[in-house]
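Participant: I have a structure I would like to understand better, so I am pasting it below and will then ask my questions one at a time.
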Amino acid sequence: MSQPYIKGKSIWKGAFLITGAAFLGKILSALYRVPYQNITGDLGYYVYQQIYPFYGAAMVISMYGFPVIISKLVMETNEQEGVRKAAETAYASLLILLLTHAPLFFILFFGAVPIAAAMGDEKLAVPLRIISFVYLFIPIFSACRGYFQGMGEMKPTAVSHMIEQCVRVAVILGLAFLVALSGKGAYSSGVAAAIGSITGSAAGAVFLIKFFFTLHIERRNRVNWTGVLEKVKQLKTKVLSRGLLVCTGAMIFILYQFIDAFSVARILQNYGMSSEEAKAGKGIFDRGQPLLQFGTVIATSFAMAVVPLIGREKLKGNMEASQKYAALAVQISFLIGAASAIGLFIIAEPVNIMLFENAKGTDILRILAVSLVFSGLVMAAAAVMQGHDYFVVPAAFLLLGLLMKAAGNVWLIPLFNEKGAAAATVIGMTATALCNILFIYKQQLMTFPSWRWITKAIISLSCMGLAAVVLYFSCSYIFSITTRPGAAAVSLITAPACAFIFVWLLVRLSLFTREERFLLPGMEKIEKIIDRKEKKHEQ
């Protein structure tokens, strides 16, 4: 096994602890929206999705943004100046973020009415006021997670994220059910969702604070506030600018949802729909969001993991290993995204019926599925650039994509209604992904895949797609996809079977070397199972 891969493996495994928590969190986030939509209907789901971007942005920043930069600063300070100075760095980061995020809380809390009016629905003001409290938790999450990760302790980040998500989901569904029983409307359900989100954030923050001070007392660290204030002056620019820039890739879906929240329902109303029809239409359009986020969580996690790997090899002057890690992350992200897009495109109708009770918006879901090919590439390529200290470039390309998305909404929604908004999403993400890939190729930050690899990738994806079509039509012949149980049977048979076929093809066609595959969690066990079954078949 080559030396760079051996050294990198422990780093990947550390990142995979957080990856596991993020993955489980996304599963919860995708699954709970289904009963929530079933309880509250498309209108209730619309209300939730209008306020969700404000919460989602805060959570992405406090999971993938500021903690990454703070952990780097804490690690460097610990190595150079010791444990106490590392703790001072965490306290300084906390103060910096409090000073910047408290005003954001006040702006959203007291400006809820004009913001809701800008979204075309003043009834959103109350849930917006409640969700504004999430910005007070960003400093706590970011400083604590950054400190623990910088000290090499990944468990607090993973556990706090799981506590936050579990409490949030439980409270949201419980309150939504009570609201439905009481016969109150969609906006009361939105208030319930906002309360649940804040409750989850509070639970996660309490865990981190308790863990931090327990560790602090054990190490008998006394806070030198003069040193902390000095650190504030030194670190404020680094923490704020790089903390925001480093999470731009992970923010992509949230930022697109912001654009949709302020434009889709308004444009639909301006071009002939009634207020209720436009809001329900936006709710149907948003059915694709949890599926898209779920499909890109692995790509997001790889993007997180590749930054320290590339940076470490670059510092050693080993550009060849750095390029290999970059290529590995980009290729895996592309394959996962493309496979997810093909699968969702084929079984969009039964998935839609299984999750949301009817087939409304299936065409929209199919269009949005295409964006999965590019969303993973955006995140992985952004991580590669950040590993080489290009922080502004990926943000600029993301901004280009957002501008194209906004322009696409204005141009396409009047022509094609909600389908136009879906097409605008694909256009924006495609533009950002292509710019990112062209940049890292031009700068020679990664090795370009060979034509042999590209051919194998096309064969793997084509075979998986063909298998999905055969399974879909075969299962549809047996089960009625117009009923929810039948649609669930078709979806739950086709999706896992195609995933297994795709992994088998990756192994058998050797798209990645054995060393590369063993960097991925679970691949060693999967290969052993495949080998064992094939040996039995040969006997």
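The values are calculated or read from the model by the stated rules, or taken from the named source; none is laboratory data. Keep in mind that what you see is a predicted model, and the values were worked out from it rather than measured. Neighbour counts run over all protein chains shown; Cβ positions are idealised from the backbone, glycine included. Just so you know, the surface numbers come from the protein's heavy atoms only, side chains and all, with ligands and any DNA or RNA stripped out. Shrake-Rupley method; radii C 1.70, N 1.55, O 1.52, S 1.80 Å.
Participant: If Leu461 meets every condition in (1) farther than 27 Å from Ile267 by Cβ; (2) within 20 Å of the chain's Cα centre (by Cα) apart from one, which number is that one?
Facilitator: (2)
Participant: Please go through segment 138-173 and give me each residue that is among the aromatic types (Phe, Trp, Tyr) and under 20 Å from His101 (Cα atoms), ordered by number. Give the derivation first.
Facilitator: Applying the first criterion (among the aromatic types (Phe, Trp, Tyr)) to segment 138-173 yields 141, 147-148.
Within segment 138-173, Phe141, Tyr147 meet the criteria.
Participant: Based on what the data block shows, is Val74 over 30 Å from Asn352 (Cα atoms) and either among the β-branched types (Val, Ile, Thr) or surrounded by 24 or more Cβ atoms within 10 Å (Cβ to Cβ) (or both)? Steps first, please.
Facilitator: Working: over 30 Å from Asn352 (Cα atoms): yes; either among the β-branched types (Val, Ile, Thr) or surrounded by 24 or more Cβ atoms within 10 Å (Cβ to Cβ) (or both): yes.
When the stated conditions are applied, Val74 passes them.
Participant: For Ile115, state whether it is free of Cβ contacts under 8 Å to residues at least 40 places away in the same chain, β-branched (Val, Ile, Thr), out of contact with any Ser or Thr (no Cβ under 8 Å at 6 or more places or on another chain) and in a helix (DSSP H, G or I).
Facilitator: yes
Participant: For Gly14, are the conditions met, namely being open to solvent by 10 Å² or more (accessible area, probe 1.4 Å), assigned to a helix (DSSP H, G or I), farther than 25 Å from Leu291 by Cβ and modelled with pLDDT under 70? Spell out the reasoning first.
Facilitator: Working: open to solvent by 10 Å² or more (accessible area, probe 1.4 Å): yes; assigned to a helix (DSSP H, G or I): yes; farther than 25 Å from Leu291 by Cβ: yes; modelled with pLDDT under 70: yes.
In short, yes.
Participant: Exactly one condition in (1) open to solvent by 10 Å² or more (accessible area, probe 1.4 Å); (2) among the basic types (Lys, Arg); (3) part of a helix (DSSP H, G or I) is false for Lys405; which is it?
Facilitator: Status for Lys405: all satisfied but (1).
Participant: I'm told Tyr64 meets every condition in (1) open to solvent by 20 Å² or more (accessible area, probe 1.4 Å); (2) aromatic (Phe, Trp, Tyr); (3) at pLDDT 90 or above except one. Can you identify the failing condition by its number?
Facilitator: It is condition (3) that Tyr64 fails.
Participant: Within segment 374-398, can you find the residues that are open to solvent by 30 Å² or more (accessible area, probe 1.4 Å) and either under 17 Å from Val34 (Cβ atoms) or out of contact with any Ser or Thr (no Cβ under 7 Å at 6 or more places or on another chain) (or both)? Steps first, answer last, please.
Facilitator: Initial filter on segment 374-398 (open to solvent by 30 Å² or more (accessible area, probe 1.4 Å)): 374, 389-390, 392-393, 396-397.
Hits for segment 374-398 are Asp389, Tyr390, Val392, Val393, Ala396.
Participant: From the list Glu534, Glu538, Glu527, Glu515, which one is open to solvent by less than 30 Å² (accessible area, probe 1.4 Å), modelled with pLDDT under 90 and charged (D, E, K, R)?
Facilitator: Unique residue meeting the criteria: Glu527.
Participant: Considering Ser142, Ser160, Ser189, Ser132, which residue is open to solvent by less than 50 Å² (accessible area, probe 1.4 Å), within 20 Å of the chain's Cα centre (by Cα) and in contact (Cβ under 8 Å) with a residue 60 or more places away in the chain?
Facilitator: Working: Ser160 fails: in contact (Cβ under 8 Å) with a residue 60 or more places away in the chain; Ser189 fails: within 20 Å of the chain's Cα centre (by Cα); Ser132 fails: within 20 Å of the chain's Cα centre (by Cα).
None of the others qualify; the one that does is Ser142.
Participant: Of all residues in segment 426-485 being surrounded by fewer than 18 Cβ atoms within 10 Å (Cβ to Cβ) and of a type in the set (Gly, Ala, Ser), which is nearest to Ala407 (Cα to Cα)?
Facilitator: Here the residue is Ser462.
Participant: While we're on this one: Could you go through segment 250-263 and let me know if any residue there is free of Cβ contacts under 8 Å to residues at least 40 places away in the same chain, open to solvent by 10 Å² or more (accessible area, probe 1.4 Å) and not in a helix (DSSP H, G or I).
Facilitator: no
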